[in-house]
Amino acid sequence: MTLKEIAKEAGVSVSTVSRVINNNSKAASKEVQDRIWEIVRRTGYTPNSVAQSLKLGAAQPGEAASHSLACLFARTPDMMTDLFFNSLARSIEQEAFRHNYLLKYSFSAFDIKNPSTYRLVMDNHVNGIAVLGRCDKQTLKFLKQYFNSVVYVGLNSLDAKYDQVICDGRQTGRAATEHLISLGHSRIGYIGETANEERYLGYCDALASSRIPQKPVWVADVKLSSEDGYRGAKLLLERKADISAVFCSNDITAIGAMRAFQEEGVRIPQDISLVSIDDIDTAQYLSPMLTTIHIPTLEMGQMAAKILIDRIEGGHKLPVKISLPFYLAGRESCARYKGR
């Protein structure tokens, strides 16, 4: 596969393909970039003649295929629909590609016990793996048995000696909740996971810091998905939770919650303000547009790939931990509390 062939299949010019794979984010629309990278991934195209010999499947049985990586989706069973972790994986893949590494395969932690997935891990022919999202120590220990190099990337830091690239989930949760407090809200609900969840702890920190009581009836402990966000909002409504604002621990959960509130005639932000975390692309196209904490997924993925490749190539041996900044993307789903 050549640049010319990729360009022909993608329906764009050779120069556009070249700019996209060389990290020019303004070279084409997101749709065109995704189409180009899908062709690159499917065909195993590599940027030079040396790496070209490292196409998928080039390794012989029992050999480790050099210059290739894998991704583990630790928190989601559906790798195709999770926009946040897909964005991370795409960033890792693109940065790895620029270093002549291929993302050979991805799999979910929920599938590890599946015989075909287990065999894939045991017989892997890659140099390292990026773990996307928090997973338990047992899973990490399992991965360490079969992968020489591991990097973790996500919002919840790990109490483990692995390379980590994080955006501090506890601080993002606190910042989201403090934004609602700054608007005059003091009865603030929470929709999302609570066990071992940094974002929930940030919510608790913000309430405690402002001496706002935390009430169990305000908390809907649900998984992070649009379906569970919908269920969590319905649960708060059924309890008649006396809240004027709610913090959802990610955008996908918030999307489900918004639908539930709107179905019940609860207006956003007139009746209830809503804030979340991630800033996925969809957030700015909702009605109302979603106020959310922007997580730098592009930079997190790039840094994770660089650190993983550096470890593979012997650049460092001690565990590295890097924390990247975030910011509030203020939009339409939050309003100042006007009282009752």
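The values are calculated or read from the model by the stated rules, or taken from the named source; none is laboratory data. It should be emphasised that the depicted structure is a prediction, and the values quoted were computed from it without experimental measurement. All Cβ positions, glycine included, derive from the backbone under ideal geometry; neighbour counts span all protein chains shown.
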Note to self: Condition check: within 30 Å of residue 127 (Cβ to Cβ) and in contact with a Phe, Trp or Tyr (Cβ under 8 Å, 6 or more places away or on another chain). Does residue 309 satisfy that?
What the structure shows: yes
Checklist line | Pairs with Cβ under 6 Å, 6+ apart, first in the range 197-213 and closer than 28 Å to residue 136 by Cα, second in a helix (DSSP H, G or I) and not charged (D, E, K, R) | finding: 198/169; 199/169; 199/173; 202/173; 203/173; 203/177; 206/177
Notebook entry, point to check: In the range 201-230, which residues are part of a loop (DSSP other than H, G, I, E, B) and more than 20 Å from residue 182 (Cβ to Cβ)?
Noted result: 215, 222, 223, 224, 225
Checklist line | Those strands (runs of 3 or more DSSP E) lying entirely in the range 231-340 with at least 3 residues in contact with a helix residue (DSSP H, G or I) (Cβ under 6 Å, 6 or more places away or on another chain) | finding: 245-248, 273-278
Next item on the list: Would you mind telling me which numbered condition in (1) free of Cβ contacts under 8 Å to residues at least 24 places away in the same chain; (2) in contact with a strand residue (DSSP E or B) (Cβ under 9 Å, 6 or more places away or on another chain) residue 317 fails?
Entry: (2)
Next item on the list: Could you identify the single residue in 15, 25, 29 that is out of contact with any Lys or Arg (no Cβ under 8 Å at 6 or more places or on another chain), among the hydroxyl-bearing types (Ser, Thr, Tyr) and modelled with pLDDT under 70?
Entry: 25
Next item on the list: Output the residue which, of all residues in the range 212-270 that are crowded, with 20+ Cβ neighbours inside 10 Å and among the acidic types (Asp, Glu), is farthest from residue 193 (Cα to Cα).
Entry: 251
Notebook entry, point to check: Which is farther than 29 Å from residue 318 by Cβ, at pLDDT below 95 and surrounded by fewer than 22 Cβ atoms within 10 Å (Cβ to Cβ), of 195, 208, 175?
Noted result: 195
Note to self: Please go through the range 288-336 and give me each residue that is over 18 Å from the mean Cα position of the chain (by Cα) and of a type in the set (Lys, Arg), ordered by number.
What the structure shows: 311, 317, 331, 336
